[in-house]
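One structure is given here, and the rest of the page talks about it.
The numbers here are math on the coordinates, done by the rules we state, and not lab data. All figures in this text were calculated on a predicted structure; none of them were measured in a lab. As a convention, Cβ positions derive from the backbone with ideal geometry for all residues, glycine included, and neighbour counts pool all protein chains shown.
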There are 2 protein chains.
Amino acid sequence: MDDASLEGLEAERALYGPFTQAVRDLVDTAIRTQAGPEEVRRAQAEVEAITARLREEGLTGPYGVRFRQDGFSRAWGNAVVGLRNAVAPPLVVETGERGVHATFHLGAAYEGPPGSVHGGVSALVLDQMLGQAAGAGGKPGMTATLTVTYKQRTPLGDLSASAWIDRSEGHKTWARGELVGPDGVCVEAEGLFILPRWARERLAQSDEPAPRFFE
Amino acid sequence: MDDASLEGLEAERALYGPFTQAVRDLVDTAIRTQAGPEEVRRAQAEVEAITARLREEGLTGPYGVRFRQDGFSRAWGNAVVGLRNAVAPPLVVETGERGVHATFHLGAAYEGPPGSVHGGVSALVLDQMLGQAAGAGGKPGMTATLTVTYKQRTPLGDLSASAWIDRSEGHKTWARGELVGPDGVCVEAEGLFILPRWARERLAQSDEPAPRFFE
């Protein structure tokens, strides 16, 4: 359980958000720099020194997901939406009447075919969106199957994604979604999400609200 | 086209490989550090300074894929296998008689459910593996559809993946693959890969060998 106060949470967000963005910018630059060997070796030594200092106090395992009493959870290590994860673009997912929506930018770090978003990155983004659509509709679950259909090339740059619940039966929820580029829908996905037994048992035993999503 | 000499290529590999690994270690540490606010702010300022220096000379766009006359290509910006991409674990994919295989480690940066690999990250890895299996079998293509089935939770840690061609017809290839954890197969995937028209036309007009993969 996450027992941070709301003030403490905001202070952490204000600290780690910009820091992680700085790391994302370094990831992008590391791909694209044409600086000379001496400059790159100097940068490597400096990055290693920063990492060593930050590691002096740290978690021994991954970040995990911190569930709050108010039903919100903090998935700051998540590979798609994690505030503290430089692998994540990160997506900021908004919940509306019809489902969930996000606008985001995918740069050089998400490349597959030249100038294009990696097909697997589109699957990664849509898996998260579909899972959050299921959770936002009160039907959280883990992915059981995911089918992704590529309609056209997805260019790197500014993109958006939407997802919604198609139908649900008991602890099974089918969700659908799409990734949209400047020329329309590029990728479609459908997935089956199932609330795992351990989560069903835990929810049955407590009066905690269901978490919004598991991944 | 990539006109680097083999010696030049090895020198670049020796320079950028360890540098990018240092950036990966920083990404991991940024998620898990519990250093105080002053230390984090100091790290942010230093990372921003390194990025600014490295950006003075750099590509204006993404890395792309550099095709060599000898048929090999350099996808160093690729989100799964890219030597210069800190988002990539990176996978080192080996080609055998039956298809392709890779062993790799997924740490905190690839988390979805607590302690587990993000379902979308499994899809990302398998999309790349299936695409490379198609290419290694002489049938390169871009992903048209990908279906991923989750058999059990995939724990973060040491994993392996394999992929192979199931069948092919003309410029369409169906590939299959699996992601394996300490307790066996965690995720299965099947995908349809199609050689795009522009690539078919380009290959028909030249005597270049077919590239091994497109993403």
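Straight-line reach from B:Lys151: taking Cα to Cα under 19 Å and skipping same-chain neighbours fewer than 8 places apart, the lysines in range are A:Lys172. At a temperature of 20 °C and a viscosity of 1.002 mPa s, determine how fast the protein assembly as shown diffuses translationally according to Stokes-Einstein, using the Kirkwood radius over alpha-carbon pairs as Rh; express D in µm²/s, rounded to the nearest whole number. The Stokes-Einstein estimate is 98 µm²/s. Placing +1 on each Lys and Arg Cβ and -1 on each Asp and Glu Cβ, with no other charges, gives segment B:1-99 a dipole about its Cα centre of roughly 280 debye. Relative to the Cα centre, the charge distribution of segment B:91-205, modelled as +1 at Lys and Arg Cβ and -1 at Asp and Glu Cβ, gives a dipole magnitude of about 440 debye. From most to least packed by mean Cβ count within 10 Å, the peptides B:121-134, A:160-173, A:23-36 give B:121-134, A:23-36, A:160-173.
By the helix-only formula, in which each DSSP H run with n ≥ 4 contributes -39500 (n - 2.57) and the sum is divided by residues, chain B has a 222 nm mean residue ellipticity of -11500 deg cm²/dmol.
For A:Arg202, the point set 7 Å out from Cα toward Cβ sits 4.8 nm from its twins in the other copies, listed from shortest up.
A crude spin-label estimate for the pair B:His171 and B:Glu7, with each label 7 Å from Cα along the Cβ direction, gives 4.1 nm. Springs between alpha-carbon pairs under 10 angstrom, Gaussian network model over chain B: which of B:Glu46, B:Glu190, B:Glu178 fluctuates most? Answer for the Gaussian network model of chain B: B:Glu46. Near A:Ala79, the amide H atoms lying under 5 Å from its own belong to B:Glu111; only residues 5 or more places off or on other chains count, and H is placed 1.01 Å from N. Computed about its Cα centre, the charge dipole of chain B is approximately 460 debye, with only Lys, Arg, Asp and Glu carrying charge at their Cβ.
When the Cα positions of B:Gly82, B:Trp164, B:Gln69 are compared along the charge dipole of the protein assembly as shown, B:Trp164 comes out farthest toward the positive end, with charges on each C-beta of Lys, Arg, Asp and Glu. Remark on B:Gly64: its backbone amide H falls under 5 Å from those of A:Gly115, a criterion applied only to residues 5 or more positions apart or on other chains, H modelled at 1.01 Å from N.
Normalising the average separation of contacting C-alpha pairs (under 8 angstrom, six or more residues apart) by the number of residues puts the relative contact order of chain B at 18 percent. Plugging the Kirkwood radius over Cα pairs into Stokes-Einstein for segment B:1-158, at a temperature of 37 °C and a viscosity of 0.692 mPa s, what D comes out in µm²/s? For the chosen part, D equals 182 µm²/s. The aspartates and glutamates whose alpha-carbon is closer than 16 Å to the alpha-carbon of B:Lys139, local same-chain residues fewer than 8 away aside, are B:Glu97, B:Asp127, B:Asp166, B:Glu169, B:Glu190, B:Glu201, B:Glu208, B:Glu215. Taking only Cα atoms and a 10 Å spring cutoff, compute GNM fluctuations for chain A and point out the largest among A:Leu59, A:Leu192, A:Leu106. Maximum among the listed residues: A:Leu59. Computed over segment A:60-150, the P(r) curve from all C-alpha pair distances, binned at 10 Å from the origin, holds 15, 45, 33, 7, 0 percent per bin.
Considering only A:Thr95, A:Tyr110, A:Gly137, the residue lying farthest towards the positive end of the dipole of segment A:91-205 is A:Gly137, judged by Cα position with unit charges set on Cβ.
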